[in-house]
Amino acid sequence: MKKFIQINDISNIRKAIDEALSLKKEPLQFSELGKSKRLVLLFFHTSLRTRLSTENAASNLGMQVSVLNPGDGWSLELQEGAVMNLDCQEHIKEAARVVSQYADIIGVRAFPKLKDKKADQLDSILNGFVKYASVPVINLECCNGHPLQALTDAITIEEEKKISRPKIVLSWAPHPKALPHAVPESFIRCMRQLDADLTITHPKGLELDPETVGDVPICYNQTEALKDADFV
């Protein structure tokens, strides 16, 4: 796999879940696999769980980890051919090539600004690294997806389910600030690939991407949607 940008980049999610559960039982069974390899994590926005879990996973594989946090590097110019005489001191093309010299894998976390939906959906930082880096790139969350979170949720469901095909409800919930659709849409993609019994519930007007949702049923009555649910 040259890149891991969306959950659908995994061709067999069920096999990936089984392998993850095996690793959970014996975390160090491949501790030599990443020997002399380096994972570089670029956090353009803050992270807690994704950062800690990714660093821990790399360590269990024997990899070395380098982390750059927000503000550690220069501001990046994302436009091809831009005249760089304003706020940006480095072009993403050069930055990706430089990081590639020090990394065997690059992880990138870059949130959307939530001001221009079309611009956000371009995921310019993540896709810039995918385009210009010479090593594999992992998506640690962007505007359009959070594949590691989706895989983790699928693993948890597999661990905790009491019946072979439980009812799963993806529900909208209030939050103190606006958030992108990365987590719910990655979860939907994952559940669709697993042919899960999934229902989505949210208030009218808060629709997710119709192509991602596909034929998954949507219920605007949360109480009705949650009836007989095994996972929420």
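A few comments on the model shown:
- Exclusive hit being touching a strand residue (DSSP E or B) at 6+ places or on another chain (Cβ under 7 Å), touching a residue at least 12 places away in the same chain (Cβ under 8 Å), under 19 Å from Asp123 (Cα atoms) and not hydroxyl-bearing (Ser, Thr, Tyr), set Pro180, Pro184: Pro184
- Conditions (1) touching a strand residue (DSSP E or B) at 6+ places or on another chain (Cβ under 9 Å); (2) under 15 Å from Ala103 (Cα atoms); (3) part of a loop (DSSP other than H, G, I, E, B): number failed by Val67: (3)
- Taken over the range 198-211, the criterion of being surrounded by fewer than 18 Cβ atoms within 10 Å (Cβ to Cβ) and not hydrophobic (A, V, I, L, M, F, W, C) is satisfied by Pro203, Lys204, Gly205, Glu207, Asp209, Pro210, Glu211.
- One residue stands out in the range 177-232 among those that are out of contact with any Pro (no Cβ under 7 Å at 6 or more places or on another chain) and among the small types (Gly, Ala, Ser): the one that is nearest to Ala154 (Cα to Cα), namely Ala196.
- Selection status of Thr223, polar (S, T, N, Q), assigned to a helix (DSSP H, G or I) and within 22 Å of the chain's Cα centre (by Cα): no
- Residue in the range 147-164 that is touching a Phe, Trp or Tyr at 6+ places or on another chain (Cβ under 9 Å), outside the structural domain of Lys115 (by TED's automatic domain parsing) and farther than 20 Å from Glu19 by Cα present: no
The values are calculated or read from the model by the stated rules, or taken from the named source; none is laboratory data. These numbers come from a predicted model, not from an experiment. Quick reminder, even Gly has a Cβ in these numbers, built from the backbone with ideal geometry, and neighbours come from all protein chains shown.
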